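These notes concern the structure reproduced below.
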Amino acid sequence: MQVITEANEFAPRGAVVSIGMFDGVHRGHRRVLSLLRARGREAGLPTVLVTFDPHPRAVIRPEGPPPLLSTLDDRIALLAATGEVDTCLVLRFDKLRSAESVETFVGDTLVAHLGMRALVVGENFACGRGRKGNVDYLRTLGTQWGYHVHPAALRAPAEAGSGNHCSSSETRRLIQLGEVSAAAALLERPHEITGTIAAAPSRSERAISVVLPVGMCMPAPDNYAGAVRRKEGALPWVPAILQVRAEQACGLPAVHLVTLEGIDAACGDRMALRFFHRAGELAAA
């Protein structure tokens with residue numbers, strides 16, 4: 001997957017496009033991406049996903065941005081792993097872009113620079129100033145500028161009416177309640193956060209303190225069964241108990257973890273943490 005930061009870097013001049021944050025790349029997102037690839041194959045065109053950094057709500061409502069399910073680097077890695085996206089366009093979201101009309105964004109960025117022939121979005125999608133650009137309005141623009149809109153259902157037919165709503169907001173809610181196994185069902189993978197080892201353990205110690213980036217979605221304070229590994233290199237996951245506490249280390253969120261076997265790690269190493277379920281659930285199983 002190619003990653004670009006300016007629309008004019010896109011060379012093919014013709015694409016099937018999707019837009020969104022895709023925070024966490026949960027199962028609803030993957031339903032959109034599957035339709036994106038299908039429409040791309042039908043049209044014989046590459047697929048382009050347009051996403052943003054930082055999260056738009058961090059700019060529009062800086063007093064209350066949503067905690068992120070994945071960093072930008074992890075989001076890009078998750079998108080690449082789907083195999084559905086040929087090019088990822090990461091646009092900086094700032095005050096200027098927040099004031100941009102949907103007509104300008106679609107006309108200048110998507111049509112003029114990407115050559116958009118089809119747009120694939122979730123059925124509840126909206127973009128542009130005041131979220132004017134919903135599916136119906138984007139279809140109206142499409143009749144003028146020569147593209148088709150394909151809304152993707154965010155639930156499988158078997159899920160309709162089941163209450164199993166799949167969204168980044170619902171996934172965050174579950175994680176913040178400590179219901180990490182329920183969140184994993186929406187993500188179709190364990191919730192994962194990458195942090196930095198704050199203190200190097202001795203050879204005899206299995207306890208490690210990991211400082212996490214500000215703004216990530218943290219599970220409620222509790223003990224969790226999980227797994228860890230150093231981020232660099234193809235190392236195996238090591239079982240661990242992840243202890244989330246209300247207090248922070250030097251003003252930063254941190255997780256104290258106890259590995260169930262030794263791990264080769266040093267201060268400053270990046271460490272990936274996966275949360276499976278509350279540790280108490282392990283004892284009850």
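Nothing in this text is a laboratory measurement; each read-out follows from the coordinates by a stated rule. Bear in mind the structure is a predicted one, so any value in this text is a computation, not a measurement. Here Cβ is always computed from backbone atoms with ideal geometry, including for glycine, and neighbour counts include all displayed protein chains.
Brief remarks on what is shown
- Average projected area [Cα convex hull, segment 2-159], square nanometres: 9.1
- Look at 42, 103, 123 and count the other Cβ atoms within 10 Å of each Cβ; fewest to most, that gives 42, 123, 103.
- The packing ranking, built from the mean of other Cβ atoms within 10 Å per residue, places the peptides 50-60, 174-184 in the order 174-184, 50-60, highest first.
- Amide H contacts of residue 70 (H built 1.01 Å from N, in plane; Pro and chain starts excluded): 24 sit under 5 Å, all sequence-distant by 5 or more or on other chains.
- The simple spin-label model puts a point 7 Å past each Cα toward its Cβ; for residue 94 and residue 169 those points are separated by 2.9 nm.
- In the frame of its principal axes, segment 1-54 has Cα extents of 29, 29, 15 Å, reported largest first.
- Bridge orientation summary for the chain: considering DSSP beta bridges with both residues in this region, about 60 percent are antiparallel.
- Estimated from the Cβ-Cβ distance and a Förster radius of 22 angstrom, the FRET efficiency linking residue 101 and residue 63 is about 0.35.
- Neighbours of residue 106 by Cβ distance under 15 Å: Lys/Arg scored +1, Asp/Glu scored -1, total +2.
- Cα long-axis angle, helix 72-82 against the chain (0 to 90 degrees, to the nearest 10): 70
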